[in-house]
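Report on the following structure.
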Amino acid sequence: MMIDCHHPVSIKDRLMFFYNFLQSPGQVGSITPSSRALAKQMMNPIDWNQANTIVELGAGTGIFTTWIEQMKRPEATLVSFEKESKMRQRLETLFPNALFHEDAVDLTRVLADAGLGKADCIVSGLPFANFPQELRDQIMAEVYAALKPGGVFVAFQYSLQMKKQLSTVFENVTVKLVPLNLPPAFVYVCRKERG
């Protein structure tokens, strides 16, 4: 599928992102939104023809949300989580067909309440390196429980710090460096066993 997803990051988006980083760097994790090159690497592992329930963690300014909305089938459902209320409210206006929630720790409950069952794929922009270990463990337990067998979890980080933890949770973990991002990022692709 060829997608020309030129989501232009406006000056307003950049300023909002930078402002939120200054207010709570532990939650935002970067001073600038993700690049197009990173977004493409994040979307590549997903089988868009098969994905019915797509989850996004840490939507931010909506870079990945835009790609997901353009690549998913019309009948597929996007459930997106964003902790920062102003960013989340803005995204709710931009993407009225997506379901937005605040806390990724509620992932399995949110999917169950919406009657969606398990997720085919989960895309994460969460800055795990900034989180306390207990929160990381909670979110990873939710991610694994929420994914269907054969599902894929795709996350980016600015270091290899999460590789060890992800390898203890998932049977299959690959990592790819994306140099065309500021700063350069690592994309983790984690597959859940088909059982």
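The values are calculated or read from the model by the stated rules, or taken from the named source; none is laboratory data. All of these numbers come straight from a predicted model, not from anything done at the bench. No Cβ is skipped: glycine too gets one built from the backbone with ideal geometry, and neighbour counts run over all protein chains shown. Heavy atoms of the whole protein, side chains included, go into the accessibility calculation; ligands, DNA and RNA do not. Shrake-Rupley method; radii C 1.70, N 1.55, O 1.52, S 1.80 Å.
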Notebook entry, point to check: Within the set of pairs 6+ apart or on separate chains, which have a first residue in the range 37-51 that is of a type in the set (Val, Ile, Thr), a second that is open to solvent by 10 Å² or more (accessible area, probe 1.4 Å), and C-beta atoms under 9 Å apart?
Noted result: 46/71; 46/72; 46/120
Checklist line | Some residue of the range 110-118 being small (Gly, Ala, Ser), in contact (Cβ under 8 Å) with a residue 12 or more places away in the chain and under 18 Å from residue 154 (Cβ atoms) | finding: no
Notebook entry, point to check: If you check residue 100 against the conditions, is it within 29 Å of residue 195 (Cβ to Cβ), aromatic (Phe, Trp, Tyr), in contact with a helix residue (DSSP H, G or I) (Cβ under 8 Å, 6 or more places away or on another chain) and crowded, with 17+ Cβ neighbours inside 10 Å?
Noted result: no
Check: Does the range 71-97 hold any residues that are surrounded by fewer than 17 Cβ atoms within 10 Å (Cβ to Cβ), over 15 Å from residue 123 (Cα atoms) and in contact with a helix residue (DSSP H, G or I) (Cβ under 8 Å, 6 or more places away or on another chain), and which are they?
Finding: 86, 94, 97
